[in-house]
Amino acid sequence: MNDTSRAIALASRLYGERASTAYAGYIQRDPMALLRLRPGRADPYPIYDRIREGGTLVPTRLGNWVSASHHVCDSVLRNRRFGVRLADGGTSSETDEFDMSFLEMNPPDHTRLRRLALPAFSPKAVAGYQDRITRTVGDLLDRASAAGEFDLVTGFAAPLPIAVITDLLGVPDADSREFARYGAVIAGALDGITSLGQARRLQASDAALRRLFGQLFDLRRRDPRDDIVSHLVAAGPDQIRPDEILPMCVLLLIAGFETTVNLIGNAVLSLLDHPGQWQALCADPAAMAAKAVEETLRYDPPVQVTSRVALEPVDVGGKPVRAGQWVVTLIGAANRDPEVYDSPGTFDINRVTTADHLAFSSGIHYCIGQPLARLEATIALRMLAERMPGLSRAGTVRRRNTTTIRGPARLPVSTGAGRRTSTPAPRPVPVGGGAARSLPESGWPAGRPPGRPGQSR
Ligand code: HEM
């Protein structure tokens, strides 16, 4: 097939999918389709409730299963008879463009590569990043308070994780914006490729990231430091093959900033929308910041959904799941399961619960970056509350136009202290997905966020 025929084939498939999703959602009121359309992206929680009313494991119109139950989601994610790709190695997606490393692998490759990445995220290693994070948060807040009004997402929530993950990888400071820019385009495809323009941008960003990482690998082979890239390029082929290094770096880059930005954004949005909770944080930021982070992860998690495929026939809660069938595990719904949480729709940073939320998934793919994400968000909220207790919303929130990842793309706030100096407002940084542009309503998430372009389930 030549390029033109390929483009026509892709365009007709994309627009066909959009039309069928719109029909299933708006006309047939199919909840899975609605989640991918404007109503689901604005507020998925009432749709999750509808799915829950159908039972703990519900068939989808495309022949798979979906669950809003905490118990079922947790047990599927932990069950080794499920995987993230089919037993024959295929992922079933026609639009798969990017190799997302061990996020999309089953054991034993998953185990081998995950083991190599883990040390950089151990509690000891993460504690070592504390000063760097505190310094970055301090600098960002200095600029923001001087501006008086700023966009909390591009001026605060996004630059922090970008600075941290590029530092961890060993990207020189001067290059970090470029890495972030191209990484954001790839991250924007988490919900699926939705237009030819997007497909072209993806291709260009993929090429640019390959070039940038290639240069970085050369640099760190010549001049190794104590960073992830230096360790990976020095590892033997029994630990990681040369062609596996780039995908792992891209995974860490995207996972490192695309999720944490939304954790901070969702936290501040929830806190400002519940002034009593914001006041509770400001009354004792050192004690309450970590609690506010945990409640945000439960109440409005940045990653809303993932999925698993049955590698063999499995009985789930009395329902027979056939080999090759997918189970969509709705993390955002599981975190509001009334069987597990009292008043699940209430945002309460003093909540006492014994149940683990599923914001970081469960089982063998449990997020390796969670200690880092928790630390970044806790320091960010603590210092924000200490330095800007008068913070308030100062304009309309714009949400990302995505389903897998949930968070504000734009959150204008006022420090409450007015503009104090002529220091410029923080320079906006790129954020992925709907932050950069409006995506058409199409493309069900691949389901293994931070994942790759997806397909319907
Ligand atoms: C609030 C922030 C974050 C959230 C909500 C989050 C969420 C998740 C979720 C839900 C998964 C599992 C997906 C699945 O089970 O299919 C995951 C996996 C992963 N996350 Fe995170 N993540 C966050 C931050 C980070 C950070 C900061 C990093 C690293 C820099 C990171 C690196 C990874 C990696 C490498 C995996 C794959 C683990 C595996 O497959 O074994 N994440 N994350």
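A few comments on the model shown:
- In the distance distribution for the chain, Cα-Cα pairs more than 33 Å apart total 34 percent.
- 3J(HN,Hα) couplings calculated from phi for region 278-289 with the Karplus curve 6.51 cos²θ - 1.76 cosθ + 1.60 (θ = phi - 60°) are, in sequence order, 4, 5, 5, 5, 5, 5, 7, x, 5, 8, 8, 4 Hz; Gly and Pro show x.
- For ALA394, the amide hydrogen comes within under 5 Å of the amide hydrogens of VAL413, SER414, counting only partners 5 or more places away or on other chains and with H modelled in the peptide plane.
- Dipole magnitude of the chain about its Cα centre (Cβ charges: Lys, Arg +1; Asp, Glu -1), debye to nearest 20: 620 debye
- Region 47-175, accessible area per residue, ligands and nucleic acids excluded (1.4 Å, Å²): 42 Å²
- Measuring only protein heavy atoms, the 1.4 Å probe finds MET32 accessible over about 20 Å².
- Heavy-atom SASA rank of TYR15, TYR129, TYR341 (probe 1.4 Å, accessible area, largest first): TYR15, TYR129, TYR341
- Heavy-atom SASA rank of ARG36, ARG13 (probe 1.4 Å, accessible area, largest first): ARG13, ARG36
- In the complete set of protein chains, residue-level accessible area for ASP238 is approximately 120 Å², probe 1.4 angstrom.
- Protein accessible area in the chain, 1.4 Å probe - carbon and sulfur %: 52 percent
- Amide H contacts of VAL321 (H built 1.01 Å from N, in plane; Pro and chain starts excluded): VAL314, ASP315, VAL316 sit under 5 Å, all sequence-distant by 5 or more or on other chains.
- 222 nm mean residue ellipticity, helices alone, for the chain (DSSP H n ≥ 4; -39,500 (n - 2.57); rounded to 500): -14500 deg cm²/dmol
- Phi angles across region 295-300 convert, under the Karplus curve 6.51 cos²θ - 1.76 cosθ + 1.60 with θ = phi - 60°, into 3J(HN,Hα) values of 5, 5, 4, 6, 6, 8 Hz, Gly and Pro given as x.
- Under 5 Å, built H, 5+ apart or other chain: amide partners of ASN401: GLY434, ALA435, LEU439
- Listed residue (THR354, ALA174, PRO108) projecting farthest to the positive dipole end of the chain, Cβ model: ALA174
- Per-residue ³J(HN,Hα) for region 104-111, Karplus 6.51 cos²θ - 1.76 cosθ + 1.60, θ = phi - 60°, Hz, x for Gly and Pro: 10, 10, 9, x, x, 4, 4, 4
- Computed with a 1.4 Å probe on the full set of protein chains, the accessible area for ASP284 sits at about 70 Å².
The values are calculated or read from the model by the stated rules, or taken from the named source; none is laboratory data. In this text the structure is predicted, and so the values were computed from the model without any measurement. Cβ coordinates were reconstructed from backbone atoms using ideal geometry, including for glycine residues, and neighbour counts include every protein chain displayed. Note: accessible area is taken over every heavy atom of the protein model, side chains too, but ligands, DNA and RNA are not part of it. Shrake-Rupley method; radii C 1.70, N 1.55, O 1.52, S 1.80 Å.
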